[in-house]
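Contents: one structure, followed by commentary.
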Amino acid sequence: MTATTPAPSSTAPSPDTNPADPRFWQLPQSRQREAFARLRRLDAPVHCPGPSGRGFYALVKHADVVEASRSPRLFASAPGVTTPEPARWVRALFGESMVNLDDPQHARLRRTVSRAFTPRVLAAAEADIRALSVRIVDDMIAERPEDFVTAVASRLPFEVICNMMGVPERYRPEILARVNHASEHIGVARTRLRVPGKGLRALARMQRMIAALARDRRRHPADDLVTALVHADVDGQALGVRQLGAFFSLLMVAGVETTRNALAHGLALLTEHPEQRALLAADFDGWIEGAVEEIVRHSTPIIQFRRTVAAPCRLGGRDFRPGEKVVLFFASANRDEAVFADPDAFDITRSPNPHLGYGGGGPHYCLGAHLAKREMAALFRELLTRTPDIRATAPPVLAPSSFDNRVRALPFAFGRRSLKGAVSARTQEGTSTGNDEEDR
């Protein structure tokens, strides 16, 4: 160890400065951000003692998170990237999630999955995103719901993933209920550092449904992602039922929960910053890409991932030994003053914007980043075009979690005049909708 390394006991002793303490995640986010800013000012990553005594070293600087992400031989994902790590019996029962694997197993599984995302599959997904965005806003205008998360933000990524996977309509209500149940209980469990029994039972029921679908697709192939995955054969291995279940669970978190939360945070941020909203509305095509990137940076849907030191190394002014634990705090790295000017500001013109909202690079960079960006752009296009005064009416209701920046609910409203139907498609065809309606 170096002489400049701060003593663990004197650096993060209290709940309001120690992200390994579950009480830290009960604090307002402004207090958490202040604590991370103090940790970034230290000379080296600090040890944060956990309730069980072991704890971890917090990687809070952008450069450190990027270096660890891109050094998988030194900072391993196995045995697990969540805090706490998944128990062996959980991994045996549910299968190994791709995020918890290292090469060569990770590379083999990622190749299998990547080859299933053919150009035809991705083109169909793009068209599906546009059509679903229109339908969701149609329903929103007709039904005038009060919660943006349930009625709007959660629907698009969930339906896109289900359509891609070929999940029958009759399965979807139960799967969505299981996803919400599992995410809520597992997120709270990670904060409290206990075994998430209710969440795991919900995952088990969901995976049984996917296993039944996989068996059917082996006998009766269809033009969907489940068929492609169960018939894939890379390096002599096809995707087994448990692997498919683990992948589907990962999609529900990485492909649904994160995008849902980014959409909800996005509406809240555009409401809170009307000047940024006006800039986007004035030139949507010119600024939507920057807006999506800034929403993801500012909200950081996945707060952190854990790594295990696999070989002696030095990072950020500290020497690490094999077996030690580090946590990559993307939420802190995305507000690093050394990289982002005025990091707490929401600025859709921010350029460059090298945020780590999809990971810090390396082999575990988010496989669905492109899809998530397209979903956010398509839905905000419909919302801002057809309900131009849509707004959050209260701050988002957040779930206390050390893992994801989860929005439980977001009250919202929109004004008297809204456009029904596929306005954007008709406009592109050069026709007038003439379909303004007085909703109130």
Check your understanding: Length gain on complete extension for the stretch THR118 to SER71, per 0.36 nm per residue less the alpha carbon to alpha carbon distance?
Key -> 14.0 nm
Point to revise | Radius 10 Å from Cβ of ARG205, net charge of other residues (Lys, Arg +1; Asp, Glu -1) | key: +2
Exercise for review: Can you put VAL179, VAL397 in order of Cβ neighbours within 10 angstrom, beginning with the fewest?
Suggested key: VAL397, VAL179
Review point. Taking amide H positions as placed 1.01 Å from N in the peptide plane, with prolines and chain starts having none, which residues 5 or more places from ASP102, or on another chain, fall under 5 Å of its amide H?
Key: ALA78
Review point. What residues qualify as long-range amide H neighbours of ARG408, i.e. H under 5 Å apart, gap of 5 or more or another chain, H built at 1.01 Å from N?
Key: VAL397, LEU398, ALA399
Review point. Karplus couplings for the stretch 208-217 from phi (6.51 cos²θ - 1.76 cosθ + 1.60, θ = phi - 60°), rounded to Hz, Gly and Pro as x?
Key: 5, 5, 5, 4, 5, 5, 4, 4, 5, 6
Revision key, fill the gap. Net charge (Lys, Arg +1; Asp, Glu -1) of residues whose beta-carbon lies under 9 Å from that of LEU328, LEU328 excluded, is +1
Review point. Within the stretch 266-302, whose backbone N sits under 13 Å from a point 7 Å along Cα→Cβ of HIS370?
Key: none
Exercise for review: Between ARG215 and ARG408, with labels modelled 7 Å along Cα→Cβ, what's the label distance in nm to one decimal, could you check?
Suggested key: 3.8
Review point. How many nm separate the modelled label positions at ALA394 and SER14, each set 7 Å beyond the Cα in the direction of the Cβ?
Key: 3.1
Check your understanding: Which order, highest average first, do 122-128, 111-117 follow once you tally other Cβ atoms within 10 Å for each residue and take the mean per peptide?
Key -> 111-117, 122-128
Check your understanding: Using a ≥ b ≥ c from the Cα gyration tensor of the stretch 21-438 (square roots of the eigenvalues), is it rounded, prolate or oblate, where a/c under 1.5 gives rounded and otherwise the larger of a/b and b/c decides, a/b for prolate?
Key -> oblate
Study note, to complete from the structure: Residues meeting the amide H criterion for CYS48 (H placed from the backbone, H to H distance under 5 Å, 5 or more places apart or on another chain) are PHE56, TYR57, ALA58
Check your understanding: With θ set to phi - 60° and the Karplus curve 6.51 cos²θ - 1.76 cosθ + 1.60, what are the ³J(HN,Hα) couplings of the stretch 308-324 in order, to the nearest whole Hz, using x for Gly and Pro?
Key -> 10, 5, 9, 8, x, 7, 10, 8, x, x, 10, 8, 10, 10, x, x, 6
Check your understanding: For GLU272 and ARG314, FRET efficiency with R0 = 25 Å and r from the beta-carbon atoms, rounded to 0.05?
Key -> 0.05
Check your understanding: Can you list the residues of the stretch 282-326 with backbone N under 11 Å from a point 7 Å past the Cα of ASP43, pointing along Cα to Cβ?
Key -> 317-318
Review point. Ordered by packing density, taken as the mean number of other Cβ atoms within 10 Å over each peptide's residues, highest first, how do 356-362, 102-108 rank?
Key: 356-362, 102-108
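Each reported figure results from applying straightforward, stated rules to the coordinates on display, with no laboratory input. What you see is a predicted model, and the numbers here were worked out from it, not measured in a lab. When we count neighbours, we look across all protein chains shown, and the Cβ atoms used for this are built from the backbone with ideal geometry, even at glycine.
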